[in-house]
1. Of the residues that make up region 140-150, is at least one within 20 Å of K116 (Cβ to Cβ) and modelled with pLDDT of 95 or more?
2. Take the conditions without any contact (Cβ under 8 Å) to a residue 40 or more places away in the chain, in contact with a Ser or Thr (Cβ under 8 Å, 6 or more places away or on another chain) and closer than 30 Å to R98 by Cβ and apply them to N173. Does it pass?
3. Criterion first (assigned to a helix (DSSP H, G or I), out of contact with any Cys (no Cβ under 6 Å at 6 or more places or on another chain) and free of Cβ contacts under 8 Å to residues at least 12 places away in the same chain) does K89 satisfy it?
4. Does K61 meet the test of being modelled with pLDDT of 95 or more and among the basic types (K, R)?
5. Among the numbered conditions (1) of a type outside the set (A, V, I, L, M, F, W, C); (2) over 16 Å from the mean Cα position of the chain (by Cα); (3) farther than 22 Å from S15 by Cβ; (4) in a helix (DSSP H, G or I), tell me where K94 comes up short.
6. Within the group E134, E198, E179, E208, which residue is within 25 Å of E105 (Cβ to Cβ) and assigned to a helix (DSSP H, G or I)?
7. Among the candidates E113, E105, E134, single out the residue that is over 20 Å from the mean Cα position of the chain (by Cα) and closer than 24 Å to N9 by Cα.
8. Name every residue in region 1-48 that is among the aliphatic types (A, V, I, L, M), within 29 Å of V161 (Cα to Cα) and modelled with pLDDT of 90 or more, in order of residue number.
Amino acid sequence: MNELVYLKNDKPVCSSLQVAEKFGKRHTHVIERIEKIIENDSTENSAQCFKASIYKDSTGKSNKMYVMDRDGFTFLVMGFTGKKVNEWKWQYIKAFNRMEKFIREKQTKTWIETRKAGKLTRKAETDTIKNLVEYAKAQGSQHADKLYMTYSKLANKMAGVSKRDEATVMQLNNLSLMEHIILCVIDSGIVAGKHYKEIYQDCKKRLETVKDLAYLEQSA
């Protein structure tokens, strides 16, 4: 999990694990601090701000962590000091603001209709990839079924999307554009009799060109 702030049950939260990493603290000490906050809070408000959770380390072992909302984060880092610490405080504040703005956007009619339209484009792209899978198998591919994931990752990366249900209207529109380009390039590549690997490279080049052009337009 790379995001500073992410959605959990449609609520913006962050993890004690990343807070420890970004603020240069030992995770065990951050957990101790959180549990002292909960223990010493007679109002029990902190119990609502901090929720115990589990993460797996590099060895696959399950370990304890806490997930916290904006209030919990604010209370936790209140006593943290230092120039670098202040920089990360601002980064988290901005991240919470962005996520809260997105939650409001997600409730609008525009977002709902854009997401619905995106599903139709995704369905058309998936149907085209299905044809590509059979095409690739006929060319000797032993892993053609992985093309669905390969092209999904490509479209998401070019559109700057990690999770579709956590994408903004602009990101969803960009994603639909990328997926439409993919299906067009795949169709034309199959008609031209190209190798399935060459078709992928054609898609990647076309998407990179569109991405660069879109960036230039936004920066103008």
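The values are calculated or read from the model by the stated rules, or taken from the named source; none is laboratory data. Everything numeric in this text was worked out from a predicted model, so none of it was measured. Every residue, glycine as well, gets a Cβ built from its backbone with ideal geometry; the counts of neighbours run over all protein chains shown.
1. Going through region 140-150, the residues within 20 Å of K116 (Cβ to Cβ) turn out to be none.
Within region 140-150, none of the residues are within 20 Å of K116 (Cβ to Cβ) and modelled with pLDDT of 95 or more.
2. Working: without any contact (Cβ under 8 Å) to a residue 40 or more places away in the chain: no; in contact with a Ser or Thr (Cβ under 8 Å, 6 or more places away or on another chain): yes; closer than 30 Å to R98 by Cβ: yes.
When the stated conditions are applied, N173 does not pass them.
3. Details: assigned to a helix (DSSP H, G or I): yes; out of contact with any Cys (no Cβ under 6 Å at 6 or more places or on another chain): yes; free of Cβ contacts under 8 Å to residues at least 12 places away in the same chain: no.
In short, no.
4. On the way: modelled with pLDDT of 95 or more: no; among the basic types (K, R): yes.
Judged against the criteria, K61 is not a match.
5. Just one mismatch for K94, condition (3).
6. Numbers: E134 fails: within 25 Å of E105 (Cβ to Cβ); E198 fails: within 25 Å of E105 (Cβ to Cβ); E208 fails: within 25 Å of E105 (Cβ to Cβ).
Answer to the selection: E179.
7. Numbers: E105 fails: over 20 Å from the mean Cα position of the chain (by Cα); E134 fails: closer than 24 Å to N9 by Cα.
Going through E113, E105, E134 in turn, the sole match is E113.
8. First pass over region 1-48, keeping only residues among the aliphatic types (A, V, I, L, M): 1, 4-5, 7, 13, 17, 19-20, 30-31, 34, 37-38, 47.
Okay, now just the ones that are also within 29 Å of V161 (Cα to Cα), so 1, 4-5, 7, 13, 17, 19-20.
Matches in region 1-48: L4, V5, L7, V13, L17, V19, A20.
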